[in-house]
Amino acid sequence: MKILFNYFIFPGFLFSASVGLIAGWLDRKISARLQWRKGPPWHQNFTDIIKLLGKETIVPEGARLTFLAAPYLGLLSLVLCATVLGNALFLSGQSFRGDLIVVLYLLVIPAIALIIGASSAANPLASIGVSREMKLLLGYELPFIISLITVVIKSGGVIKLEDILSHQAGFGSNIFSLSGAIAFVVAVLCLQAKLGFVPFDMAEADQEIMGGTLIEYSGLPLAIFKLTKALLLVTGPLFVITLFLGKDIGPLFLLLKFAMLLVIAILIKNTNPRLRIEQALKFFWGPVTVLALLGLIFASLGW
Amino acid sequence: MDFRLKALTKSIWIFHASVGSCNNCDIETLDCFTPRFDLERFGIQLIGSLRHADVLLITGAMNRKAVVRMKRLYEQAPKPCLVVACGTCACSQHMFKESYNVREPLDKILPVDLYIPGCPPKPEAIISGVIKLLNKVKRGK
């Protein structure tokens with residue numbers, strides 16, 4: 001019963017989805033203000049989801065069963081991820097050994113669900129989006145995992161989120177050390193790609209391949225993908241906060257840190273042009289990985 | 001009033017299809033999303049894929065080749081889908097009335113919900129048209 005409550009209401013689906021949709025509104029509003037526009041009202045993303053639920057769902061000819069199953073896979077696993085993360089962050093004593101690795105794996109599944117769904121859509125533009133999404137996934141996962149290992153080394157080899165938090169409560173946030181700061185920068189860049197924000201949104205490039213991976217989706221499956229995106233907008237920054245800014249996690253400070261990470265992501269999004277896929281891959285496997293390795297070396301030296 | 005209909009009026013996603021227009025209507029349509037007019041205030045967005053669309057906004061005269069494509073586009077769009085004819089070319093045939101290439105106006109081919117005349121229509125005219133469309137949907141189409 002308690003598990004179900006955690007999964008569906010707090011800190012799982014209902015809580016994370018509402019916060020995520022509001023964060024999505026924040027993204028649109030700040031983008032609008034940066035472009036000197038007024039921007040949509042706060043309930044805009046909720047309205048979008050409700051509207052999509054009322055639309056017709058079209059299954060293209062030649063699509064397989066996975067076309068409709070993939071959105072659920074992505075959403076359910078991401079809700080699980082939000083629950084595990086939220087349990088460690090909001091409720092004490094709920095964390096279990098190895099949940100860092102569970103969260104890491106579950107964070108990848110939405111991208112994989114997108115790949116599975118779009119590749120069974122029988123659309124050439126969708127398959128271009130899929131190939132880009134796959135390469136991007138390969139690109140950012142490597143430095144992201146290295147920066148994660150940096151944190152694990154700094155916390156004395158624990159792979160439990162609560163232990164990482166309590167270590168930071170004792171010794172100060174990870175970001176205030178040399179290796180931690182480097183790993184934080186790497187993680188923020190990888191987060192940008194994970195969220196699919198602009199320098200790395202080539203998988204969904206609206207102007208270029210017309211929505212790419214999402215091109216054939218309509219109605220309910222599209223709404224589920226939008227919800228997944230909203231959940232990712234919560235889970236990603238919260239994960240980074242857990243890893244790097246875990247000293248004061250009272251409600252107010254947590255909110256401030258979350259807003260800060262969100263604003264950083266939105267500012268990067270609004271001030272950069274879209275990269276080509278090979279540029280992004282070069283970027284992630286070149287400078288970012290080198291930076292992450294540098295952080296790893298510093299961490300093992302104890303800096 | 002229907003809950004879904006209400007949500008639809010608050011979040012309209014537009015697919016912009018240009019069928020052989022002179023690009024003036026397209027430019028004026030895009031102007032509606034610039035800082036001065038900013039249709040995103042009302043939740044109106046331009047989207048890339050037709051499968052996400054609520055409104056099919058058509059500019060330009062329907063020439064012979066476009067007719068087939070437009071019919072297919074309309075069939076591909078998820079349904080409740082509204083059709084807007086933007087500019088005099090799409091509303092009637094304008095100066096292509098006697099043309100060998102433009103056989104019939106748009107409303108003989110698709111069920112048009114809204115006409116926005118003008119060559120090109122001003123962004124103000126387009127916005128006022130959008131409001132009329134919203135009122136029409138609210139009254140229950």
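Only the coordinates and a few stated rules stand behind these numbers; no lab work does. All values derive from a computational prediction rather than experimental measurement. Using ideal geometry, Cβ is built from the backbone for each residue, glycine included, and neighbour counts are taken over all protein chains shown.
Computed quantities for the displayed model
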{"quantity": "Cα-based equivalent ellipsoid of chain A: semi-axis lengths in Å, sorted from largest, via gyration tensor", "calculated": "30, 22, 19"}
{"quantity": "Compactness index (Cα Rg / 2.2 N^0.38 Å), region A:1-136", "calculated": "1.24"}
{"quantity": "Distant alpha-carbon pairs in region A:183-249 (separation over 15 angstrom), percent", "calculated": "61 percent"}
{"quantity": "Point-charge dipole on Cβ atoms (K/R +1, D/E -1) for region B:3-138, about Cα centre, debye to 20", "calculated": "480 debye"}
{"quantity": "Dimensionless Rg ratio for region B:3-138, taking C-alpha atoms and the 2.2 N^0.38 Å reference", "calculated": "0.99"}
{"quantity": "Relative packing of peptides A:72-79, A:41-48 - highest average C-beta neighbours within 10 Å first", "calculated": "A:72-79, A:41-48"}
{"quantity": "Ellipticity estimate at 222 nm from DSSP helix runs (n ≥ 4, -39,500 (n - 2.57)) divided over chain A, nearest 500", "calculated": "-23500 deg cm²/dmol"}
{"quantity": "Under the span-like rule (Cα at least 27 Å along the axis, Kyte-Doolittle mean at least 1.6), DSSP H helices of chain A", "calculated": "A:66-90, A:99-119, A:219-244, A:251-270"}
{"quantity": "Footprinting exposure proxy for A:ARG274, B:ARG72, A:ARG132, A:ARG37 (fewest neighbouring C-beta atoms within 10 Å first)", "calculated": "B:ARG72, A:ARG274, A:ARG37, A:ARG132"}
{"quantity": "Set of aspartates and glutamates with alpha-carbon distance to A:LYS55 below 19 Å, sequence-local pairs under 8 removed", "calculated": "A:GLU216, B:ASP2, B:ASP54, B:GLU75, B:ASP113"}
{"quantity": "For region A:1-121, size of Cβ-based charge dipole, Lys and Arg +1, Asp and Glu -1, in debye", "calculated": "400 debye"}
{"quantity": "Cα coordinate range in region A:223-300, projected on the principal axes (Å, largest first)", "calculated": "41, 38, 24"}
{"quantity": "Contact order normalised by residue count of region B:3-138, Cα under 8 Å, 6+ apart, percent", "calculated": "27 percent"}
{"quantity": "Environment charge of A:PHE244, counting only residues whose C-beta is closer than 14 Å and scoring Lys/Arg +1, Asp/Glu -1", "calculated": "+2"}
{"quantity": "Entries of A:LYS29/B:LYS6; A:LYS38/B:LYS79; A:LYS257/B:LYS6; A:LYS135/B:LYS10; A:LYS2/A:LYS160; A:LYS269/B:LYS136 with Cα pairs more than 27 Å apart", "calculated": "A:LYS38/B:LYS79; A:LYS257/B:LYS6; A:LYS135/B:LYS10; A:LYS269/B:LYS136"}
{"quantity": "Peptide A:204-217 - average C-beta neighbours from other chains (10 Å radius)", "calculated": "3"}
